[in-house]
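Each remark here refers to the structure printed beneath this line.
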Amino acid sequence: MTLQAAPLRLSTESATFEADFKARLHWSADTDAAIEQRVADILADVQQRGDAAVIEYTQRFDGLSVASMAALELTQAELKAAFDGLPEVQRQALEQAARRVRSYHEAQKKASGESWSYRDEDGTLLGQKVTPLDRVGIYVPGGKAAYPSSVLMNAIPAHVAGVGEIIMVVPTPKGEKNPLVLAAAYVAGVSRAFTIGGAQAVAALAYGTATVPKVDKITGPGNAYVASAKKRVFGTVGIDMIAGPSEILVLADGSTPADWVAMDLFSQAEHDELAQGILLCPDASYIEAVQREIDRLLPTMPRAAIIAKSLSDRGALIQTRSMEEACAISNRIAPEHLEVSSNDPHRWEPLLKHAGAIFLGAFTSESLGDYCAGPNHVLPTSGTARFSSPLGVYDFQKRSSLIEVSEAGAQTLGLIAAELAYGEGLQAHAQAAEMRLKTPRA
């Protein structure tokens with residue numbers, strides 16, 4: 001049977017566009033009730049039994065026959081050996097990608113991650129102290145595929161932020177350890193690494209066990225069990241976000257080779273069947289050309305079945321009245337990845353408000369951002385780019401307000417605070433402020 005990828009064809013001039021558009025965008029982030037209950041049981045078990053529960057679930061879900069947690073921890077020597085054992089071209093690619101990611105996040109830290117303070121006219125010091133988290137956990141997927149790039153994107157900004165200890169967890173089904181993932185952990189400066197995954201790994205990081213240290217925050221994507229576990233432990237620890245299926249939106253003016261755009265849509269569709277690829281373009285003939293390239297290129301893809309289902313079930317090729325309208329629709333979607341495939345991308349960029357990452361120009365394929373451009377590839381999905389940001393140095397820092405009130409300042413601020421405190425009926429608040437006054441409040 002010949003596979004076909006048939007993205008939904010829409011036009012903004014159609015009377016049914018709004019209804020069809022909303023139906024195609026809809027994706028429910030609700031987790032299956034059975035998964036929720038199973039995750040709750042696993043978290044509770046790990047919290048109570050610690051290492052023993054982690055070993056039991058790792059044996060059950062990943063097919064590993066181990067007797068102790070020592071067999072599930074990767075040593076620094078193993079990480080270095082994995083790096084040293086890579087072909088030279090892979091070592092260089094990994095190091096070059098890590099260097100670019102580190103450089104970008106160091107610039108990010110300088111721009112927004114420094115402490116500051118000032119003194120006002122009465123000598124009162126006001127400011128903000130920025131400090132790194134003590135210990136974070138990074139979850140690296142390891143099921144259908146291995147993701148060394150996820151190691152770089154989670155560990156390097158944490159390292160740049162100054163996090164004291166970075167704990168990596170990665171499932172290794174049947175005991176298969178991916179050398180690139182281990183090598184990436186070595187290059188990125190991971191402190192400790194464990195070959196555990198799923199809800200049990202999230203529980204171990206959140207609650208701590210005899211072997212796995214308790215962390216302050218957990219970052220990194222995973223399957224439905226991981227997402228559910230992260231939601232449940234939030235509050236005990238911090239989390240980055242709850243990631244949905246991957247997304248790409250291409251705004252095209254018809255100037256980019258159609259096969260480039262078709263392959264860019266494939267680049268997200270190949271992640272899984274729920275991934276979404278959408279093209280917005282005012283040129284009907286160009287949309288036809290992209291569809292022809294989809295048909296031509298699909299049989300050449302190793303993950304053709306996944307791509308076909310993703311594009312057929314969730315993809316869309318949408319003809320708009322203009323590029324301006326395409327930008328407006330893009331803002332409604334708030335995509336994870338947004339490609340502006342145009343001869344003049346800077347003309348349209350000011351019109352774009354909501355996106356996880358914006359890729360400007362025909363030569364800026366989304367895949368470059370995934371691996372080595374520098375900015376983080378952990379991005380908000382499912383429309384959350386309307387209020388969320390990419391993972392960054394700021395996710396591994398916290399801010400404390402600094403206040404040092406001078407004696408002179410206390411005379412002014414004390415009167416204000418006391419007045420408001422009495423108004424709220426909080427006598428102790430008011431009197432604590434009044435005790436610092438030289439002249440008693442009338």
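The values are calculated or read from the model by the stated rules, or taken from the named source; none is laboratory data. Model, not experiment: these values are computed from the prediction. Here the Cβ positions follow ideal geometry from the backbone for every residue, glycine too, while neighbour counts run over all protein chains shown.
Worth a mention:
- Restricting G189, G238 to residues that are in contact with a His (Cβ under 9 Å, 6 or more places away or on another chain), in contact (Cβ under 8 Å) with a residue 12 or more places away in the chain and surrounded by fewer than 22 Cβ atoms within 10 Å (Cβ to Cβ) narrows the list to G189.
- Scanning region 107-118 for residues that are free of Cβ contacts under 8 Å to residues at least 60 places away in the same chain and not hydroxyl-bearing (S, T, Y) yields A107, K110, A111, E114, W116.
- Close Cβ contacts (under 6 Å, 6 or more residues apart or on different chains) running from residues in region 415-442 that are within 19 Å of E404 (Cα to Cα) to residues that are part of a loop (DSSP other than H, G, I, E, B) and charged (D, E, K, R) comprise A418/R441; E434/R441.
- Candidates in region 130-185 are the residues that are in a helix (DSSP H, G or I) and of a type in the set (S, T, N, Q); of these, the one that is surrounded by the most Cβ atoms within 10 Å (Cβ to Cβ) is N154.
- Test: residue in region 213-224 that is modelled with pLDDT under 95 and among the hydrophobic types (A, V, I, L, M, F, W, C): yes
- Against the criterion of being of a type in the set (A, V, I, L, M, F, W, C), over 26 Å from D395 (Cα atoms), surrounded by 13 or more Cβ atoms within 10 Å (Cβ to Cβ) and within 28 Å of the chain's Cα centre (by Cα), L64 does not qualify.
- Against the numbered list (1) free of Cβ contacts under 8 Å to residues at least 12 places away in the same chain; (2) surrounded by 15 or more Cβ atoms within 10 Å (Cβ to Cβ), V54 comes up short only at (1).
- When residues of region 195-235 are limited to those that are buried (at least 24 other Cβ atoms within 10 Å of the Cβ) and more than 25 Å from P390 (Cβ to Cβ), the one farthest from the chain's Cα centre (by Cα): V212
- Qualifying position, being at pLDDT 95 or above and at positive phi, among G374, G392: G374
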